[in-house]
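Computed from the coordinates by the stated procedures, all read-outs in this text should not be read as laboratory data. What you see is a predicted model; the values in this text were computed from it and never measured. Virtual Cβ from ideal backbone geometry, glycine too; neighbours counted across all protein chains shown.
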């Protein structure tokens, strides 16, 4: 297996979870499997800790003094991948024993181009399901609308109070928290679409696979868990705000509409905007919990979604614009 797969780790939205995530991957993966870690403008202290925990392991850090979109970071690492398969995993994911072997075994046995594990979420890990396969497809209505449809299965399901027996099966949806991909397939489509900055990239990848009659599988024997932001640092917030910025979102939506002739404001194009709007406030999780204790959950949610969102937008407008312009200059080869 060590000669057939490379692990690529990239930042999802914050830096703070990186050491815990890489430590988990190292602990539960074969020693000789190569790991490429894209350290795009990582804080020095975090990068030093990452290098320390990975001593004497086959880990290569791709250091770059610039924020990147997730698709940029993955494509950058993909240039150095020489194995048949690559596993993309975010830096806020922890894994269980057998996670990698089960993904590779599924790909080999089923001839799959994409394989996604059973993904958990929240704290404590291994209880609440984030996604267990799902639906990704392009819907054409009788009225002529073309809709991006994306439906993850078992989202937020409590597996402790209501256990589910999952089996390996075909799916039409993956998520980039963790996904195995056949490298030849990625080369065939010209790599990941870098014009999709912050949303919809998993849907795009699945549509590209299905259009080429590639198999996509859900393998529940492979288990990982996404850990949402808990303690957010100033370094985290700088990237977080750009990661979920209106600029990156609008450019992603425009690319999707152009690429697939989608009807604006429908399906997951609309749902994605709502997700980003709400998710931007995730960095204020402590503030929200404080407000809930005083005013209750309903009033706290209204306060967060209106007042805090307005303050956040004003406070970060200049910073986000500065970081966006720097990223744009780099992307256009001006830096």
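The table below lists the values:
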quantity: 126, 203, 244 arranged by Cβ crowding within 10 Å, fewest neighbours leading; calculated: 126, 244, 203
quantity: Gained length - residue 79 relative to residue 310, 0.36 nm times residue gap less alpha-carbon distance; calculated: 79.1 nm
quantity: Burial ranking of peptide ranges 69-78, 255-264 (average Cβ count within 10 Å, highest at the top); calculated: 69-78, 255-264
quantity: Global form of the chain, assessed from the alpha-carbon gyration tensor, a/c cut-off 1.5; calculated: rounded
quantity: Spin-label zone in the stretch 127-144 - amide nitrogen under 13 Å from a point set 7 Å from the Cα of residue 165 along the C-beta vector; calculated: none
quantity: The stretch 245-302: C-alpha gyration tensor shape, a/c 1.5 cut-off, then a/b vs b/c; calculated: prolate
quantity: Least to most buried among 61, 15, 217, 123 (fewest other Cβ within 10 Å first); calculated: 123, 61, 217, 15
quantity: Ranked 172, 303, criterion: other C-beta atoms within 10 Å, fewest first; calculated: 303, 172
quantity: Residue-averaged 222 nm ellipticity for the chain, from DSSP H runs of 4+ at -39500 (n - 2.57), nearest 500; calculated: -12500 deg cm²/dmol
quantity: Counting DSSP beta bridges with both ends in the stretch 5-226, the antiparallel % (nearest 5); calculated: 50
quantity: Whole-Å distance, taken between Cα centres, linking the stretch 124-166 and the stretch 195-215; calculated: 16
quantity: Mean Cβ neighbour count within 10 Å, used as a protection proxy, ranking 285-294, 265-274 highest first; calculated: 265-274, 285-294
quantity: For the stretch 124-187: rounded, prolate or oblate by the Cα gyration tensor [a/c cutoff 1.5]; calculated: oblate
